[in-house]
Amino acid sequence: MNRRDKINYYLDIAEAVSERSTCLRRKFGAIVVKNDEIISTGYNGAPRGRKNCSDLNFCYRERMQVPRGQRYELCRSVHAEANAIISASRSDLLGATLYLACHDAKTDQLDGAVEPCSMCKRLILNAGISEVIIRQDKDTHFTIRTADWIENDDSLAEDPGRTGY
């Protein structure tokens, strides 16, 4: 009997969670695990009570031809990482691991070339999550230590002339 290793087991669950996504571009699933216990799950979709892009049959960002990785504030969805974080208490999140899987919504192909956006990185840091593990394919993944986001603060590379949020 070949038993699935723990990391891929949790990534399999994150991938299953992504099937609930209502996004027309990318289907993300996230789970938070601490001490070998699943704390919470999340997928990307519109806030409760609002229509999902899958219900509307269009994506605002796609309609406006916004490139991948840009202008997330225009997206109707709450990201999978954010939904997993808001579904748990901070004490449960401290030192936890977030597992993330993504499929292209049009092709249903696994997309292993993803990372949390800058907004989700901030939420992950403030939640106290210590690492993020991202599925690349059925059996491989990569790990990000969130302390690296603090040490290599990419937000400092933004335009220093911008004011406000």
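The values are calculated or read from the model by the stated rules, or taken from the named source; none is laboratory data. All values reported here derive from a predicted model rather than from experimental measurement. All Cβ positions, even for glycine, are placed from backbone atoms using ideal geometry, and neighbour counts span all protein chains on display. Just so you know, the surface numbers come from the protein's heavy atoms only, side chains and all, with ligands and any DNA or RNA stripped out. Shrake-Rupley method; radii C 1.70, N 1.55, O 1.52, S 1.80 Å.
When the stretch 78-90 is limited to residues that are in a loop (DSSP other than H, G, I, E, B) and in contact with a helix residue (DSSP H, G or I) (Cβ under 9 Å, 6 or more places away or on another chain), the one that is nearest to residue 141 (Cα to Cα) turns out to be 79.
Only one of the numbered conditions (1) without any contact (Cβ under 8 Å) to a residue 40 or more places away in the chain; (2) open to solvent by 50 Å² or more (accessible area, probe 1.4 Å) is not met by residue 78, and that is (2). In the stretch 44-75, the qualifying residues are those that are polar (S, T, N, Q) and surrounded by 15 or more Cβ atoms within 10 Å (Cβ to Cβ), and the one that is nearest to residue 120 (Cα to Cα) is 44. Of everything in the stretch 92-115 that is at pLDDT below 95 and within 26 Å of residue 147 (Cβ to Cβ), the residue that is surrounded by the fewest Cβ atoms within 10 Å (Cβ to Cβ) is 113.
If the condition is being open to solvent by 40 Å² or more (accessible area, probe 1.4 Å) and touching a Ser or Thr at 6+ places or on another chain (Cβ under 8 Å), then the stretch 131-154 contributes 131, 145, 154. When the stretch 54-77 is filtered for residues that are farther than 25 Å from residue 12 by Cα, of a type outside the set (Phe, Trp, Tyr) and part of a helix (DSSP H, G or I), the ones remaining, listed by number, are 55, 56, 61, 62, 63, 73, 74. Step by step: first the residues of the stretch 91-150, then only those that are part of a helix (DSSP H, G or I) and among the β-branched types (Val, Ile, Thr), then the one that is nearest to residue 22 (Cα to Cα). Which residue is that? Result: 124.
The requirement of being under 20 Å from residue 116 (Cβ atoms), surrounded by fewer than 10 Cβ atoms within 10 Å (Cβ to Cβ) and over 14 Å from the mean Cα position of the chain (by Cα) is not satisfied by residue 37. Residues of the stretch 9-29 that are part of a loop (DSSP other than H, G, I, E, B) and charged (D, E, K, R): 19, 20, 25.
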